[in-house]
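A.B. asks: If you scroll down you'll find the structure; I have some questions about it.
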Amino acid sequence: MLPGAALRAVAAALLNLSGLGLGYALLGRWFRALLCWVATGWLLFAALPADPGGVSGGLVTGYLLVLALAAADGAWTARRTAVGGSWRPVVAAVAGLALLAVPAGGAVWYGSAQDEAVERMLLDRLEEGDRTVEAASGKAFGAAREDYRSALAVYRELGEDHAGSRAGKLVPARLDAYYKAIAAPYRQKKHCEAIEPLTYLRTVPEAIDPALLGALVRYPDEPLAESMYACGVTQLHDGAAGVNGGALGDLLRTFPGSPQAGRVGPAVSKEIAAQKTAVGDSGSPCAATEKLRGLRAATASLPDKAVAKLAAQADGGIRDGVYACGLDEFKEKRFGEARKTLTGFADTYGKDGRRARARDIAIAAEIADTRAAAGSRLPPAGTPGGARMELVLSNDAPDGVEVLYTGPVTGRVTIGGCGSCTSYTWSSGALRACKDTGKNYPHATLRLPAGEYHFLYKHRVDAGGSGALVSSYADGSRIQPGYRYTGCTYVTTSTSFGGGLTDTVSFR
């Protein structure tokens, strides 16, 4: 072994540990030095620029193994190699020790660069969440819900898993902007539109650490209650509250003790009063009545019993509305609808003073549905005075007949069937009907003021007990003072269109 071998070995090992192969260079082993440079270059190529994932553990382990082998080999070689020139082992050892700062400093620098790369990556993630929120804010909430959830997941990850990062520290401010974006319809006073997003915001604390939200945890309650109230009042006015009470029902169920819930009762009473006024003043009593019916149903379904009882306030308006609707339908020549409406009014409101009047107009509407002239004007509201003429109506038909009439007075009468009577041919009916002195024809006697009258005769036949209507016949006649009138109803068999039954009425 050559003199100074131990010191040379230490110096060569330390110089090779720097990763620069200087130990080999000083020993004149240039190929081995080149191998060290290649290994270091390979590490630098793989590691730079620094990224969040850093260098793989296998790569670092391999490089450290190369340095260890280079140090051991350099020490072994230096023990057996004399070094010429002015080179001194002590100086080399000191230099090698100093150069160990190169890989150590490089590792520290690389760690710092990697941390910065992670910070940039997290900031990029934050910007990604911001862009998602910005894009979602331009859509309806229903279409943007999943985008908002995706952005919230980003904020949750940054705020909870990377709280100490620059991006993590920005999350509370981003959450404030997030809430503002979702609650935008409320600030724009689009109250019905605001309910869904504000309801969603109440669930956000379940998906993220409430500490990141701060005061935002309680923010949605007041705007949501206000939106439910404003939207619910609009729904009441528009007749869109539905059988569950709409937004007002949701308000009373969600925030029963809120100031907004306390305003529901007065708002309902005010809307009912407005709709009751509209029944008489709107010019469209049928539409106003339907809206009032919907308002009553919506009010009755509200979960607050005290408020639900207010539904009874609508009853009087509905009753007036049904009557006004029937009159309006008659005036607009919608006779079938007028008959149905006013008959329903008379059947429903038996103690109402307008019941008889409603029945008279329903009779006139039924006649007018066949004979339009009967609907030229409403039947008179009062009963005329003066003399009355007698009209005796006899029925020469096997089945009963119902006679409806309108003119100066309006009414209906039913005449039973003549069991021994039969139908007539078209040509013989006018000559033979009601003229058999041996028969006691069922009849009814009407006493009518003079004037123009319209009649509707409705024959029914017992078709297997069904009482099915066969035909109706309408006609008009004039009742003049000083006369006594008789009429005869009978049925003829018609063969003009393959057979059948028709009503024919003789009035004389």
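The values are calculated or read from the model by the stated rules, or taken from the named source; none is laboratory data. This structure is a prediction, so every number in the text was calculated from the model and none was measured. So basically every Cβ, Gly included, is an ideal-geometry build from the backbone, and we count neighbours across all protein chains shown. The protein model used for the area step is the full one, side chains on, heavy atoms only, and it has no ligands, DNA or RNA in it. Shrake-Rupley method; radii C 1.70, N 1.55, O 1.52, S 1.80 Å.
A.B. asks: When you scan segment 433-442, do you find a residue that is outside any loop (DSSP other than H, G, I, E, B), at pLDDT 85 or above and either open to solvent by less than 70 Å² (accessible area, probe 1.4 Å) or farther than 30 Å from GLY375 by Cβ (or both), even just one?
C.D. replies: Within segment 433-442 (the criterion being outside any loop (DSSP other than H, G, I, E, B), at pLDDT 85 or above and either open to solvent by less than 70 Å² (accessible area, probe 1.4 Å) or farther than 30 Å from GLY375 by Cβ (or both)), the answer is no, since none of the residues qualifies.
A.B. asks: Those residues that are among the hydrophobic types (A, V, I, L, M, F, W, C), surrounded by fewer than 18 Cβ atoms within 10 Å (Cβ to Cβ) and within 24 Å of the chain's Cα centre (by Cα), I need them from segment 290-307; list them, please.
C.D. replies: Scanning segment 290-307 gives ALA297, ALA300.
A.B. asks: Taking into account only those residues within segment 123-150 that are assigned to a helix (DSSP H, G or I), over 17 Å from PRO205 (Cα atoms) and among the basic types (Lys, Arg), which is modelled with the highest pLDDT?
C.D. replies: ARG131
A.B. asks: While we're looking at this one, here's another question. Could you figure out which of (1) open to solvent by 10 Å² or more (accessible area, probe 1.4 Å); (2) more than 30 Å from LYS435 (Cα to Cα) isn't true of ALA387?
C.D. replies: (2)
A.B. asks: To continue, here is another question. Would you be able to tell me the number of residues in segment 347-372 that are farther than 17 Å from VAL409 by Cβ and assigned to a helix (DSSP H, G or I)?
C.D. replies: Qualifying residue count, segment 347-372: 5.
A.B. asks: Please verify whether segment 366-375 includes one or more residues that are modelled with pLDDT of 90 or more, open to solvent by 70 Å² or more (accessible area, probe 1.4 Å) and among the hydroxyl-bearing types (Ser, Thr, Tyr).
C.D. replies: Yes, segment 366-375 contains a residue that is modelled with pLDDT of 90 or more, open to solvent by 70 Å² or more (accessible area, probe 1.4 Å) and among the hydroxyl-bearing types (Ser, Thr, Tyr).
A.B. asks: With ALA143, ALA181 as the choices, which residue is open to solvent by less than 70 Å² (accessible area, probe 1.4 Å) and among the aliphatic types (A, V, I, L, M)?
C.D. replies: Unique residue meeting the criteria: ALA181.
A.B. asks: Which one of the conditions (1) open to solvent by less than 50 Å² (accessible area, probe 1.4 Å); (2) modelled with pLDDT of 95 or more does ARG359 fail to meet, given that it meets all the rest?
C.D. replies: (1)
A.B. asks: Considering only helices (runs of 4 or more DSSP H) fully contained in segment 191-287, which possess at least 1 residues that are within 19 Å of ASP304 (Cβ to Cβ) and of a type in the set (Asp, Glu)?
C.D. replies: Hits in segment 191-287: 221-238, 246-254, 264-281.
A.B. asks: What are the residues in segment 395-421 that are open to solvent by 30 Å² or more (accessible area, probe 1.4 Å), in contact with a Pro (Cβ under 8 Å, 6 or more places away or on another chain) and part of a strand (DSSP E or B), if any?
C.D. replies: None - no residue of segment 395-421 is open to solvent by 30 Å² or more (accessible area, probe 1.4 Å), in contact with a Pro (Cβ under 8 Å, 6 or more places away or on another chain) and part of a strand (DSSP E or B), so the list stays empty.
A.B. asks: If VAL392 satisfies every condition in (1) open to solvent by 10 Å² or more (accessible area, probe 1.4 Å); (2) more than 30 Å from ARG484 (Cα to Cα); (3) of a type in the set (Val, Ile, Thr) but one, which is the exception?
C.D. replies: Only one criterion in (1) open to solvent by 10 Å² or more (accessible area, probe 1.4 Å); (2) more than 30 Å from ARG484 (Cα to Cα); (3) of a type in the set (Val, Ile, Thr) is unmet by VAL392, namely (2).
A.B. asks: Follow-up question, since we're still on this one. Within segment 246-274, can you find the residues that are open to solvent by 30 Å² or more (accessible area, probe 1.4 Å) and hydrophobic (A, V, I, L, M, F, W, C)?
C.D. replies: If the condition is that a residue be open to solvent by 30 Å² or more (accessible area, probe 1.4 Å) and hydrophobic (A, V, I, L, M, F, W, C), then ALA273, ALA274 are the ones that fit.
A.B. asks: While we're here: Condition check: outside any strand (DSSP E or B), open to solvent by less than 40 Å² (accessible area, probe 1.4 Å) and without any contact (Cβ under 8 Å) to a residue 24 or more places away in the chain. Does LEU327 satisfy that?
C.D. replies: no
A.B. asks: Take the conditions within 18 Å of TYR200 (Cβ to Cβ), open to solvent by 50 Å² or more (accessible area, probe 1.4 Å) and part of a helix (DSSP H, G or I) and apply them to TYR186. Does it pass?
C.D. replies: yes
A.B. asks: Right, another one. Please go through (1) in contact (Cβ under 8 Å) with a residue 60 or more places away in the chain; (2) surrounded by fewer than 21 Cβ atoms within 10 Å (Cβ to Cβ) for ALA311 and return the number of the only condition it doesn't satisfy.
C.D. replies: The one condition ALA311 does not meet is (1).
A.B. asks: Using beta carbons and a limit of 9 Å, which pairs, at least six apart or on different chains, have the first residue in segment 149-175 and among the charged types (D, E, K, R) and the second one open to solvent by 60 Å² or more (accessible area, probe 1.4 Å) and in a loop (DSSP other than H, G, I, E, B)?
C.D. replies: Sorted first by the residue in segment 149-175, then by its partner, the pairs are ARG156/ASP209; GLU160/ASP209.
A.B. asks: Restricting attention to segment 275-289, report how many residues are within 19 Å of GLY245 (Cα to Cα) and surrounded by fewer than 16 Cβ atoms within 10 Å (Cβ to Cβ).
C.D. replies: Matching residues across segment 275-289 total 0.
A.B. asks: May I ask you to list pairs of residues, at least six apart or on different chains, whose Cβ atoms are under 6 Å apart, with the first in segment 373-402 being closer than 22 Å to ALA362 by Cβ and the second being aromatic (Phe, Trp, Tyr)?
C.D. replies: From residues that are closer than 22 Å to ALA362 by Cβ, the pairs are GLY375/PHE335; LEU391/TYR485; VAL401/TYR457.
A.B. asks: Looking only at segment 151-163, decide whether some residue is among the hydroxyl-bearing types (Ser, Thr, Tyr) and either outside any helix (DSSP H, G or I) or farther than 22 Å from GLY214 by Cα (or both).
C.D. replies: No, there is no match, as no residue in segment 151-163 is among the hydroxyl-bearing types (Ser, Thr, Tyr) and either outside any helix (DSSP H, G or I) or farther than 22 Å from GLY214 by Cα (or both).
A.B. asks: Looking at ARG354, is it touching a helix residue (DSSP H, G or I) at 6+ places or on another chain (Cβ under 9 Å), more than 25 Å from ARG484 (Cβ to Cβ), without any contact (Cβ under 8 Å) to a residue 12 or more places away in the chain and surrounded by 14 or more Cβ atoms within 10 Å (Cβ to Cβ)?
C.D. replies: no
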